[in-house]
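Visitor: Take this structure, written in structure tokens, and hold onto it; I'll ask about it next.
The values are calculated or read from the model by the stated rules, or taken from the named source; none is laboratory data. Just so it is clear, the model here is predicted, and its values are computed rather than measured. Glycine also receives a Cβ, built like all others from the backbone with ideal geometry; neighbour counts cover every protein chain displayed.
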């Protein structure tokens, strides 16, 4: 472990070129750590499965998601319907599979929005400092002052419920955290020798930000992205549970739980399977995120090292 | 210290001003005319004009904002589009239900998290440490409303020990209140406990690796004395912050849990306001919650600075 830290440190000091090399090394380290961590491997496997189901769900699903069959309503799990049927006789397994796409889509798009906007704000705030920093970060403070789900609900409420507005709302809610993480990283990187060197040879601000600063703050951003995906999927599930996400008849895990909650004491499968799908997805993102943090985030590294020495 | 408090007060004031602006602009984001949308099929020109004038929507935007701010400062958050009652009154009467749920949940969380977090740090690598880590991973990954549904399934459905939902005021019948609050509070509390456990554990581990702990051990103090006198006191300072912030966010009403358990708190109010497109109530609830959230954070920062004087120097 100490050798790797040493290597990172020397990479930092070799100037602009070293900046790129350092993040390459980090990525390689992260990937090899993921390969050797059974929990992270499990998480990655679950995510891979999820992507397959998310992309090919409608073709893989054993029956149509809106095939209503009143004769077979609220049937317990069986060979023909492994997850049972719902109050309209629809196949729960097929609906859970197809709904994976919604969760992934909302997670990726909303975290994408938060990442792009937050990182841009954070880069400008941290690099230019001064009034721009003040204005941008106070705006982020304001957004931070609202409980996450409350703000998302309020935004969806005024824009009207739906897939797109849910993505925007969740994206807005998670923007401040990316801005803060980015800014904190920029503040420490901009004082490094290689940034000053780049300034002295007349590199433009944009070039310095993109080529020298950004690669060096990639590590915390990768970790934050992975963990935010978990939170975003939880938020999407909560919004759709409240009827503010994807609108019926299209299936979403949260919505299925909401619709099934009235029958849950007679038909446990309506409560168990969609929720288990959310849980496994979020767990997988968290496991991968935690493993990445253990390797990439130096502050956490000291904690895990001390854990090792005292354990 | 006085300067620190003053600076934090000023900062919070600025953020609160921003919060009022966001809440105010929410209404402007409604596509079309919010009053018309809210009235829907119950539209009649007289009510429409009266509500518009009452909400000040016939004024220019800047005038509207300062008017909103001035009235908010005096505790007037407008009237409900639905019932015509003052928003402040509606929001405040929901506070006790949310407060009793939030406090019970946090107490429950502390009861679980403190022993678990502390033990898992002291006996790092042991069975209880693994259990604590599995628990905290489970808690941050599980959707709280799913756990609530599972709780209803088990305790109300299969075992029949607890009512599946509903609310009885604490002042009305403490016994019935307790049986109704148990499931929602345990649901919310378990998630909070998992966050707390993780935090207590890492805070303890950090202090355990300090030089003064090694010194204390080296001079032959018993482990119990080291942990109680040197480790706990320092490790629990940052934990105060986390407990308070968790409580603050729960005061915002756990919307989903309140909806699931038919708990008539702020969260449920927000949900109903969204369903009814009662925008003034939505604005009022959001504003109150955000203000409360800011206030608790401010108090925590000041308390934290008192507990750990190094903070004010930074």
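Visitor: Of everything in segment A:255-269 that's part of a loop (DSSP other than H, G, I, E, B) and more than 8 Å from every other protein chain (Cβ to nearest Cβ), which residue is surrounded by the most Cβ atoms within 10 Å (Cβ to Cβ)?
Guide: Our first condition is that a residue be part of a loop (DSSP other than H, G, I, E, B); within segment A:255-269, this holds for A:261-267.
Right, trim to more than 8 Å from every other protein chain (Cβ to nearest Cβ) and you get A:262-263, A:266-267.
Values: A:262: 11, A:263: 16, A:266: 11, A:267: 20.
This residue is A:267.
Visitor: Now, a different point. When residue A:38 is evaluated against the numbered criteria (1) touching a strand residue (DSSP E or B) at 6+ places or on another chain (Cβ under 7 Å); (2) surrounded by fewer than 17 Cβ atoms within 10 Å (Cβ to Cβ), which criterion, by number, is the only one it fails?
Guide: Failing condition for residue A:38: (1).
Visitor: Cβ contacts < 6 Å: first residue more than 9 Å from residue A:123 (Cβ to Cβ), restricted to segment A:203-216; second residue surrounded by fewer than 16 Cβ atoms within 10 Å (Cβ to Cβ), any location; separation 6+ or different chain. Result?
Guide: Close Cβ pairs (under 6 Å, with a partner that is surrounded by fewer than 16 Cβ atoms within 10 Å (Cβ to Cβ)) amount to A:215/A:20.
Visitor: Can you confirm whether segment B:264-284 contains a residue that is surrounded by 17 or more Cβ atoms within 10 Å (Cβ to Cβ), touching a strand residue (DSSP E or B) at 6+ places or on another chain (Cβ under 8 Å) and either closer than 16 Å to residue B:15 by Cα or more than 8 Å from chain A (Cβ to nearest Cβ) (or both)?
Guide: Looking through segment B:264-284, at least one residue is surrounded by 17 or more Cβ atoms within 10 Å (Cβ to Cβ), touching a strand residue (DSSP E or B) at 6+ places or on another chain (Cβ under 8 Å) and either closer than 16 Å to residue B:15 by Cα or more than 8 Å from chain A (Cβ to nearest Cβ) (or both).
Visitor: Only one residue in A:74, A:60 is surrounded by 16 or more Cβ atoms within 10 Å (Cβ to Cβ) and under 25 Å from residue A:249 (Cα atoms), so which one is that? Don't jump to the end; show me each part of the working.
Guide: Values: A:60 fails: surrounded by 16 or more Cβ atoms within 10 Å (Cβ to Cβ).
When all the criteria are applied, what remains is A:74.
Visitor: For the list (1) within 11 Å of chain B (Cβ to nearest Cβ); (2) modelled with pLDDT under 85; (3) not in a helix (DSSP H, G or I), I need the number of the one condition that residue A:243 fails.
Guide: (2)
Visitor: May I pose another question? If residue B:138 meets every condition in (1) facing chain A (nearest Cβ under 10 Å); (2) within 25 Å of the chain's Cα centre (by Cα); (3) buried (at least 21 other Cβ atoms within 10 Å of the Cβ) apart from one, which number is that one?
Guide: (3)
Visitor: Additional query: Of all the helices (runs of 4 or more DSSP H) wholly in segment B:15-79, which have at least 2 residues that are surrounded by 17 or more Cβ atoms within 10 Å (Cβ to Cβ) and in contact with a helix residue (DSSP H, G or I) (Cβ under 6 Å, 6 or more places away or on another chain)? Spell out how you get there, then give the answer.
Guide: On the way: elements: B:34-39, B:45-54, B:61-73.
Because the criterion is at least 2 residues that are surrounded by 17 or more Cβ atoms within 10 Å (Cβ to Cβ) and in contact with a helix residue (DSSP H, G or I) (Cβ under 6 Å, 6 or more places away or on another chain), the helices (runs of 4 or more DSSP H) in segment B:15-79 that meet it are B:34-39, B:61-73.
Visitor: Under the condition of being closer than 23 Å to residue B:255 by Cβ and surrounded by fewer than 24 Cβ atoms within 10 Å (Cβ to Cβ), which residue from segment A:106-139 is nearest to the other protein chains (Cβ to nearest Cβ)? Steps first, please.
Guide: To start, the set of residues in segment A:106-139 that are closer than 23 Å to residue B:255 by Cβ comprises A:106-107, A:109-111, A:113-114.
Still in the list and also surrounded by fewer than 24 Cβ atoms within 10 Å (Cβ to Cβ): A:109, A:113.
On the way: A:109: 20, A:113: 17 Å.
Here the residue is A:113.
Residues are listed down the side, and each one gets a yes or a no for (1) within 13 Å of chain A (Cβ to nearest Cβ); (2) touching a strand residue (DSSP E or B) at 6+ places or on another chain (Cβ under 8 Å); (3) modelled with pLDDT of 85 or more:
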| residue | (1), (2), (3) |
| --- | --- |
| B:1 | no, no, no |
| B:7 | no, no, yes |
| B:15 | yes, no, yes |
| B:19 | yes, no, yes |
| B:34 | yes, no, no |
| B:43 | no, no, no |
| B:48 | no, no, no |
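Visitor: Which condition breaks for residue B:90 when tested against (1) surrounded by fewer than 21 Cβ atoms within 10 Å (Cβ to Cβ); (2) away from every other protein chain (no Cβ under 13 Å)?
Guide: Of (1) surrounded by fewer than 21 Cβ atoms within 10 Å (Cβ to Cβ); (2) away from every other protein chain (no Cβ under 13 Å), only one is false for residue B:90: (1).
Visitor: May I pose another question? With respect to residue B:166, determine if the residue is more than 10 Å from chain A (Cβ to nearest Cβ), touching a helix residue (DSSP H, G or I) at 6+ places or on another chain (Cβ under 6 Å), touching a residue at least 24 places away in the same chain (Cβ under 8 Å) and buried (at least 19 other Cβ atoms within 10 Å of the Cβ).
Guide: So residue B:166 fails the test.
Visitor: Scan segment A:146-162 for residues that are within 7 Å of chain B (Cβ to nearest Cβ) and in a helix (DSSP H, G or I) and report the count.
Guide: Residues flagged as within 7 Å of chain B (Cβ to nearest Cβ) and in a helix (DSSP H, G or I) within segment A:146-162 amount to 7.
Visitor: Among the residues of segment B:247-258 satisfying the criterion of being in contact (Cβ under 8 Å) with a residue 60 or more places away in the chain and closer than 13 Å to residue B:145 by Cα, which is nearest to the other protein chains (Cβ to nearest Cβ)?
Guide: Filtering segment B:247-258 for residues that are in contact (Cβ under 8 Å) with a residue 60 or more places away in the chain and closer than 13 Å to residue B:145 by Cα, the one nearest to the other protein chains (Cβ to nearest Cβ) comes out as B:256.
Visitor: Right, next: Could we say that residue B:300 is surrounded by 17 or more Cβ atoms within 10 Å (Cβ to Cβ) and at pLDDT below 85 here?
Guide: Values: surrounded by 17 or more Cβ atoms within 10 Å (Cβ to Cβ): yes; at pLDDT below 85: yes.
So residue B:300 fits the description; yes.
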